[in-house]
Amino acid sequence: MNQPVHGLTARPSIGRIDLTWQARSYTPLVDHFAVYASPDRTFQTETLIGKTIYGTFRHDNLGPARQTWYYRIVTVDAAGERSRPSAVLRASSVESVAIGGRPVAVIGTFDRKSLELALAPGGYNEFLTRFPSGVDYTQGVSTPAADWPYLHPGPADKWAGSKAHTFSFRFRLDTAPAADLALAVWLIDTHATTPGKLVVACNGNAVTEAALEKGATKGSTQGDATVPGSPLRPSIVEVPLPRGVLVAGENVLTLAKPEGSWHAYDAVGVFAP
């Protein structure tokens with residue numbers, strides 16, 4: 001007889017919830033695990049959100065706002081026999097700071113589109129002509145449509161000179177912050193095989209290095225991830241900006257791409273959480 005799984009746990013992040021569990025026995029032979037989710041504990045609107053042969057499952061595409069879901073797993077054996085559902089697990093995704101925070105300095109619109117940015121949606125071949133020395137954007141002076149390109153190339157991109165490019169974002173603070181701020185980098189897509197990493201610094205101080213998720217390699221020519229059936233694979237990078245690296249007056253935030261291929265921006269912003 002099929003045994004229900006146990007140890008169902010969740011690891012939430014922005015726009016997704018990762019589930020893990022353990023199977024009590026693989027006798028009879030397990031064909032798959034069926035993953036059910038519901039927005040209510042009673043499971044009156046239960047939905048089969050996926051099947052897997054592994055003890056893990058990612059519930060993604062939840063969007064930047066916080067969402068709460070209830071989960072249970074059913075074991076299905078090779079004969080189609082189903083176990084009792086697992087115990088119900090309640091989990092919530094993490095809300096983006098771009099939703100709940102106060103904007104301090106922002107480039108673009110957080111809308112899953114790159115269309116308001118320079119060269120979008122497909123003018124990447126003009127990058128070296130327009131931005132031969134990288135990007136230097138000043139809040140209140142520069143404009144997204146002219147001064148912040150939608151694609152950030154890396155050394156793997158021959159069309160951008162096969163070299164690293166740094167994007168600088170200058171913004172002013174009236175006073176040094178009393179608490180940490182947060183950086184939100186929303187992407188509509190990344191390269192499918194070599195997305196590389198984003199190296200963040202502020203005023204010459206290292207902040208973090210964030211490995212980028214693999215995308216669909218479509219964001220170089222398509223700029224709207226909200227279109228039904230869009231192949232784009234948006235992702236979000238959000239990191240703290242420690243108050244110790246910020247100063248009253250001008251601050252210079254740098255986003256460097258020392259390895260890999262391009263990523264496609266949706267918007268970039270500094271927020272007070």
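Nothing in this text is a laboratory measurement; each read-out follows from the coordinates by a stated rule. Small disclaimer: the values here were computed from a predicted structure and weren't measured. Positions of Cβ are backbone-derived with ideal geometry, glycine not excepted, and every protein chain shown enters the neighbour counts.
List of remarks:
- Equivalent-ellipsoid semi-axes for region 6-92 (Cα gyration tensor, √(5λ), whole Å, largest first): 23, 13, 11.
- Contact order normalised by residue count of the chain, Cα under 8 Å, 6+ apart, percent: 20
- Rg(Cα) / (2.2 N^0.38 Å) computed for region 35-132, rounded to two decimals: 1.67
- Count Lys and Arg as plus one, Asp and Glu as minus one, and take only other residues whose Cβ is under 13 Å from that of Thr56; the net charge is then +2.
- Sites Thr193 and Ala78 - FRET efficiency at Förster radius 51 Å, r taken between beta-carbons, to 0.05: 0.90
- The chain: projected area of the alpha-carbon convex hull, averaged over directions, in nm²: 16.3
- Estimated distance in nm for a label pair at Ile99 and Asp174, the labels positioned 7 Å out from Cα along Cα-to-Cβ: 2.9
- For Trp148, the amide hydrogen comes within under 5 Å of the amide hydrogens of Ala118, counting only partners 5 or more places away or on other chains and with H modelled in the peptide plane.
- Lysine pairs in the chain with Cα atoms under 27 Å, if 8 or more residues apart or on separate chains: 21
- Note on the chain: with a GNM built from Cα contacts shorter than 10 Å, the maximum mean-square fluctuation among Gly140, Gly196, Gly15 falls on Gly140.
- Amide hydrogen neighbours beyond the local backbone of Val207, cut-off 5 Å, H modeled: Val200, Ala201, Cys202
- By the count of neighbouring beta-carbon atoms within 10 Å, fewest first, Tyr124, Tyr265, Tyr150 end up ordered Tyr124, Tyr265, Tyr150.
- q = 0.10, 0.16, 0.22 Å⁻¹: log10 I(q)/I(0) that the Debye formula gives for region 135-263, counting C-alpha atoms only: -0.34, -0.84, -1.34
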